[in-house]
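J.: Below is one structure. I have some questions about it.
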Amino acid sequence: MRICFHALVICFQLSSLMITFAHSGFAELIALQYNAWNFDSGKNWGERKHRIERVIRRLPQLPHIIAWNEIRKRKNGDDMLNDLLELLPEYKYHKYVTGHDYGDTEEGIGFFSQYPIEEFDSIKLNHDVNGEDPNRRACLYARIKTPDGQSIGAFVTHLSYVREQQKANVLDIIEFTKKKPTPQILLGDLNIYNDYQEPIDLLHRPPSMGKKVYFRDAWLEYDPPLPGSTAKSGYTFSSWEPKNRADRVMIRGPGLAVESMKIIGRSQRSVEAASDHMAILTHLAIVSNDHYKQELHIANNNVKTFKREAESMSKELENCENELVHFQKRHGGWFDISSFISFLLGIFACAGVQYYRFGRKNNRPDWLPSHRRSQ
């Protein structure tokens, strides 16, 4: 009897937590990470910009935000960002930060948004002037608010292609993101090599955070690899011969969950490519921290209430069991008491769960798919 009671309480606790993690009060954000391939390295920009537009417009729904890498501008007026804005006028809000100035040309990172930008900031990343990579890097921050009233901070960056320099870049980004509220999404061409994951490991668990998880790799939450798998899941570079996951989408904070992800912009040959990188399309569910805490509080109260009622139920069932024992002694053992008690427990368990899930009409949740897990 006591074992049945504890099992019943544990089951309800788990179901309450699942309700909390799948409750309404969320906003959807569609984000796109895209390295546009600068117009000096990637020739025929006049045609490629239209290919990039077609890649984006073929989507069932335009992304709410787009993170751009390798955006170049020339002093003569050539401007990749303006070209993309002309082709995608739906993005009324946009930002750009220069990474490196080459004199007559500069290269940086860009950000498009269909939602207003509430706050903007940027930093230049650590740069070794005597190192192998002469290019200065940057990281921009734009905080947006969705029509549902949920806010999220978006960071865009482009890491060095030199491995040790990547680590220095990441440490700067960690310090920058610490100063901004969560939830957060970090998008960028991080130039990650298959045999060198240390920059991602640093973002995941910075030494300053101990064992605490900081940023999570969104693709690994959406499509975790099987042990020993060699599948090229999530590969973005190159677009005609994928060989690594150079580009990443990282998420941070409770109340942020991955709904779906997709790699788009594949080409068969380099001369047909929109870019040398494919893009990462990410659908996220956002739950505010305050809402998350409120729902967790409600779930905990429901668990406490159910415990009290289950304890009372347990006493009643014990009395019922005693009565049945006496009845069996008086009339003979013509039925199995334990089976009957299990039957009663099943009825009461179903009734209790149904009451707490559906009977409280004022707090009845609108269900989300089970994979929307707030963390």
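The values are calculated or read from the model by the stated rules, or taken from the named source; none is laboratory data. What you are looking at is a predicted structure, and each value in this text was computed from that prediction instead of being measured. So basically every Cβ, Gly included, is an ideal-geometry build from the backbone, and we count neighbours across all protein chains shown.
J.: What's the number of the only condition in (1) surrounded by 12 or more Cβ atoms within 10 Å (Cβ to Cβ); (2) farther than 20 Å from L32 by Cβ that D195 fails to meet?
T.: So D195 meets the others, but not (1).
J.: To continue, here is another question. For segment 322-332, which positions are at pLDDT below 70 and surrounded by 10 or more Cβ atoms within 10 Å (Cβ to Cβ)?
T.: Residues satisfying the conditions are L324, F327, Q328.
J.: Which of the residues that make up segment 216-240 are within 20 Å of R205 (Cα to Cα) and basic (K, R)?
T.: Result: R216, single match.
J.: Quick check on my filter: what residues within segment 243-288 are closer than 20 Å to L190 by Cα and among the basic types (K, R)?
T.: The answer is K243, R245, R248, R252, K262, R266.
J.: Filter segment 240-268 down to the residues that are touching a residue at least 24 places away in the same chain (Cβ under 8 Å) and assigned to a loop (DSSP other than H, G, I, E, B) and list them by number. Steps first, please.
T.: Taking segment 240-268 first, the residues touching a residue at least 24 places away in the same chain (Cβ under 8 Å) are 240, 242-261, 263-268.
Within segment 240-268, W240, P242, K243, R245, A246, G253, P254, G255, G265, R266, S267, Q268 qualify.
J.: So, in segment 143-189, of the ones that are of a type in the set (G, A, S) and touching a residue at least 60 places away in the same chain (Cβ under 8 Å), which residue ends up surrounded by the fewest Cβ atoms within 10 Å (Cβ to Cβ)?
T.: Residues of segment 143-189 of a type in the set (G, A, S): 149, 151, 153-154, 160, 168, 188.
Of the ones still in play, those that are also touching a residue at least 60 places away in the same chain (Cβ under 8 Å) are 149, 151, 154, 188.
Working: G149: 10, S151: 17, A154: 23, G188: 26.
The residue in question is G149.
J.: Right, next: Is it true that some residue in segment 74-85 is closer than 30 Å to F26 by Cα, surrounded by fewer than 21 Cβ atoms within 10 Å (Cβ to Cβ) and either in contact with a strand residue (DSSP E or B) (Cβ under 8 Å, 6 or more places away or on another chain) or free of Cβ contacts under 8 Å to residues at least 24 places away in the same chain (or both)? It would help to see each step written out before you state the result.
T.: Initial filter on segment 74-85 (closer than 30 Å to F26 by Cα): 85.
Checking which are surrounded by fewer than 21 Cβ atoms within 10 Å (Cβ to Cβ) leaves us with 85.
Then drop every residue that is not either in contact with a strand residue (DSSP E or B) (Cβ under 8 Å, 6 or more places away or on another chain) or free of Cβ contacts under 8 Å to residues at least 24 places away in the same chain (or both), which leaves 85.
Yes - at least one qualifying residue is present in segment 74-85.
J.: Which numbered condition in (1) at pLDDT 95 or above; (2) buried (at least 16 other Cβ atoms within 10 Å of the Cβ); (3) closer than 22 Å to R248 by Cβ is the only one that L59 fails?
T.: Every condition holds for L59 apart from (2).
J.: Please count how many residues of segment 201-235 are among the aliphatic types (A, V, I, L, M) and part of a helix (DSSP H, G or I). Explain how you work it out, then say what you get.
T.: Kept after step one, since they are among the aliphatic types (A, V, I, L, M), are these residues of segment 201-235: 202-203, 209, 213, 218, 220, 226, 231.
If we keep only those that are part of a helix (DSSP H, G or I) too, we end up with 202-203, 209, 218, 220.
Count: 5.
J.: For K92, state whether it is surrounded by fewer than 17 Cβ atoms within 10 Å (Cβ to Cβ), assigned by TED's automatic domain parsing to the domain that holds Q61, basic (K, R) and free of Cβ contacts under 8 Å to residues at least 24 places away in the same chain. Can you show your working first?
T.: Values: surrounded by fewer than 17 Cβ atoms within 10 Å (Cβ to Cβ): yes; assigned by TED's automatic domain parsing to the domain that holds Q61: yes; basic (K, R): yes; free of Cβ contacts under 8 Å to residues at least 24 places away in the same chain: yes.
Answer is yes for this residue.
The rows are residues; the columns are (1) more than 28 Å from S151 (Cβ to Cβ); (2) assigned by TED's automatic domain parsing to the domain that holds K145; (3) touching a Pro at 6+ places or on another chain (Cβ under 9 Å); (4) at pLDDT 90 or above.
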{"position": "L203", "(1), (2), (3), (4)": "no, yes, no, yes"}
{"position": "R216", "(1), (2), (3), (4)": "no, yes, no, yes"}
{"position": "L256", "(1), (2), (3), (4)": "no, yes, yes, yes"}
{"position": "I280", "(1), (2), (3), (4)": "no, yes, no, yes"}
{"position": "A299", "(1), (2), (3), (4)": "no, no, no, no"}
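J.: Checking P60 against (1) in contact (Cβ under 8 Å) with a residue 12 or more places away in the chain; (2) under 23 Å from G265 (Cβ atoms); (3) not aromatic (F, W, Y), which test does it fail?
T.: (1)
J.: Which ones in segment 206-220 are surrounded by 15 or more Cβ atoms within 10 Å (Cβ to Cβ), under 17 Å from the mean Cα position of the chain (by Cα) and not hydroxyl-bearing (S, T, Y)? Spell out the reasoning first.
T.: In the first step, residues of segment 206-220 are kept if they are surrounded by 15 or more Cβ atoms within 10 Å (Cβ to Cβ); the result is 206, 214-220.
So of that shortlist, the ones also under 17 Å from the mean Cα position of the chain (by Cα) come out as 214-220.
F215, R216, D217, A218, W219, L220 - these are the residues of segment 206-220 that are surrounded by 15 or more Cβ atoms within 10 Å (Cβ to Cβ), under 17 Å from the mean Cα position of the chain (by Cα) and not hydroxyl-bearing (S, T, Y).
J.: Okay, next question. How about segment 173-198: which of its residues are closer than 22 Å to Y235 by Cβ and either in a loop (DSSP other than H, G, I, E, B) or out of contact with any strand residue (DSSP E or B) (no Cβ under 9 Å at 6 or more places or on another chain) (or both)? Full working, then the answer.
T.: We begin by selecting, within segment 173-198, every residue closer than 22 Å to Y235 by Cβ; these are 185-198.
Those that are closer than 22 Å to Y235 by Cβ and either in a loop (DSSP other than H, G, I, E, B) or out of contact with any strand residue (DSSP E or B) (no Cβ under 9 Å at 6 or more places or on another chain) (or both): L190, N191, I192, N194, D195, Y196, Q197, E198.
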